[in-house]
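Have a look at the structure below, then the notes.
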Amino acid sequence: MSKIAVLTSGGDSPGMNTAVSAIARCAALYDMPLIGVDRGYNGLLGKNPEKDFVHLTLENALDMADQAGTRLRTARCVEFKEKSVQENAAKILRDMDVAGLIVIGGDGSFQGARALCEQGIPTIGIPGTIDNDLAYTEMTLGFDTAVNVCVDAVRSIRATSRSHDRPHVVEVMGRHCGDIALMTAASTGAEIVIAPEADQWNVDEVARRLQSQINRGNYRSTIVVAEGAWTMMEDFDLHGYLTAYGVRVHEDDKITADYFAKVLNHKCVMPDGNRPEPRATVIGYTQRGARPTARDASFAFEAGVMAVNLLHHGMSNRVIGMRLGKIFHEDITTALAAKRPFNRQLYNTINAL
Ligand code: ADP
Ligand code: F6P
């Protein structure tokens, strides 16, 4: 078999480097030259071929396995949604004698992979996103790491909250998926979790739940909010409400974790009549830039090896996943059509206690 290529696309995720390292080791075993494509589909636009393609040898890929981020770099490349751009990318790959491409990324990246496959380039997808929003697989590279980063952060936050008897709002990533928030809340004993899958929610209902914790003697609740949940909040006059309390808010400002903590401060009251003084933390990129946990890294290793084996055996248009602890592969279109059931029971349980 001739040359193969690999790229990482979308948001970087812990485990991407581990997968690339495994791909390099496996390709070397079969004597398949391996090309690393720089910055996702951007590297296939043909703008800077000198820089966009690197030969990945065992020597430069071996030490990647435990590194955070993605050494191949990544990007969001809007042009790649255009058919003419995809046709050109397929031509570039063919001209380089690339006989197969491995794409590590999320659902958007997989759509790019499917498009290239339609252009005659055999492609294999490895799920790489912290969001865990690919329904066909029980895990995606980086989700476990992101949750562990959030759990560590929330544990520290709860220690301080406990010392000061103050509630805390913690915002975690996940785009439209609330899995990071849900797992973080369940793992840390957080009292309230808000996820986009829960449909509409409102400030007063959360304030009532926080007040009920206070009434029961818990002055240090943690409220974990998935970033995607803000858009699911029922209309609330943030500007009007907070300016009435002397808080500076611009009229166009949208709700944030910090504003939300300020709103809750004025909607809840402590037994002594004082305000609970909630604080807020947005965990942000530390979730994405962490070194992969053993769970993510071992999945990445297995997935990298499987991807090369699939190409080696002439397979294409497949994506790799994990089900009941076992690695598997399936057709990309079937995988992308899967609908993820949200664990509403766990969500309701956390919020009910
Ligand atoms: P993720 O892969 O994590 O879901 P994005 O949704 O940002 O991240 O997608 C990553 C990249 O995949 C995009 O920047 C674009 O280059 C490519 N992509 C996304 N959607 C499509 C599509 N419908 N067709 C072709 N390429 C796509
Ligand atoms: O898809 C990964 C992710 O980190 C999401 O959780 C988040 O919404 C998004 O990427 C942020 O993207 P960026 O800051 O890179 O534009």
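The values are calculated or read from the model by the stated rules, or taken from the named source; none is laboratory data. Worth saying up front: this structure is predicted, and the values here are computed from it rather than measured. Cβ atoms come from the backbone with ideal geometry, glycine included; neighbour counts cover every protein chain shown. When the accessible area is computed, the model is the full protein with side chains, heavy atoms only, and any ligands, DNA or RNA have been set aside. Shrake-Rupley method; radii C 1.70, N 1.55, O 1.52, S 1.80 Å.
Between the Cα long axis of helix 143-164 and the first principal axis of the chain there is an angle of about 20°, rounded to the nearest 10.
The modelled label-to-label distance for the pair residue 88/residue 309, using points 7 Å beyond Cα in the direction of Cβ, is 3.8 nm. With the charge dipole of the chain set up from +1 on Lys and Arg Cβ and -1 on Asp and Glu Cβ about the Cα centre, the Cα lying farthest toward the positive end among the listed residues 43, 113, 200 is that of 200. Equivalent-ellipsoid semi-axes for region 1-153 (Cα gyration tensor, √(5λ), whole Å, largest first): 24, 19, 13. Debye sum, Cα scatterers, region 165-315, no solvent: what log₁₀ I/I(0) at q = 0.08, 0.09, 0.11 1/Å? Log-scaled intensity ratios, in q order: -0.31, -0.38, -0.51. When the trypsin sites (Lys or Arg not before Pro) in region 124-232 are filtered for DSSP coil states and for at most 12 other beta-carbon atoms within 10 Å of their beta-carbon, the remaining sites are 216. Hey, quick one: spin label on residue 63, modelled 7 Å out along Cα-Cβ, who in region 1-39 has an amide N within reach, i.e. under 19 Å? Counting backbone N atoms under 19 Å from the label point, the list is 15-25, 36.
Suppose R0 equals 25 Å. What FRET efficiency, 1/(1 + (r/R0)^6) with r the Cβ-Cβ distance, do residue 270 and residue 346 give to the nearest 0.05? Provide the component values of the computation, followed by the final result.
Details: r = 30 Å, r/R0 = 1.18.
According to the calculation, E is roughly 0.25.
How high is the relative contact order of the chain, in percent, with contacts defined as C-alpha pairs under 8 Å that are six or more residues apart?
Values: 772 pairs, mean separation 81.1, N = 353.
RCO, the chain: 23 percent.
Rolling a 1.4 Å probe over the protein heavy atoms of the chain, with every protein chain left in place, gives an accessible area that is 49 percent carbon and sulfur.
Pairs of Lys residues in the chain that lie 8 or more places apart, or on two chains, and have C-alpha atoms under 22 angstrom apart add up to 12.
If eta is 1.002 mPa s and T is 20 °C, what Stokes-Einstein diffusion coefficient results for region 47-90, Kirkwood Rh from Cα pairs, in µm²/s? Before the final figure, lay out each step's value.
Details: Rh = 13.0 Å.
Rounded, D is 165 µm²/s.
Could you grab the relative contact order for region 165-251? Cα pairs under 8 Å, six or more apart, rounded to a whole percent. Before the final figure, lay out the partial values.
Values: 134 pairs, mean separation 34.2, N = 87.
For region 165-251, the relative contact order is 39 percent.
State, as an integer percentage, the relative contact order of region 225-316 based on alpha-carbon contacts under 8 Å between residues 6 or more apart. Please list the in-between numbers first.
Numbers: 40 pairs, mean separation 14.7, N = 92.
Relative contact order comes out at 16 percent.
Of the three principal axes defined by the Cα atoms of the chain, the extents in descending order read 75, 38, 34 Å. Protein heavy-atom accessible surface, 1.4 Å probe, per residue over region 1-158: 38 Å².
Is region 299-349 best put as rounded, prolate or oblate by its Cα gyration tensor, with a ≥ b ≥ c the root eigenvalues, rounded for a/c under 1.5, and otherwise prolate when a/b is larger than b/c, oblate when not? Show your work: numbers first, answer last.
Values: a/c = 4.49, a/b = 2.00, b/c = 2.24.
Judged from the Cα gyration tensor, region 299-349 comes out oblate (a/c at least 1.5, b/c at or above a/b).
The string of couplings for region 338-353 from the Karplus curve (6.51, -1.76, 1.60, θ = phi - 60°) is 5, 10, 8, x, 7, 7, 5, 5, 5, 4, 5, 5, 4, 6, 8, 6 Hz, one whole number per residue in order, with x for Gly and Pro.
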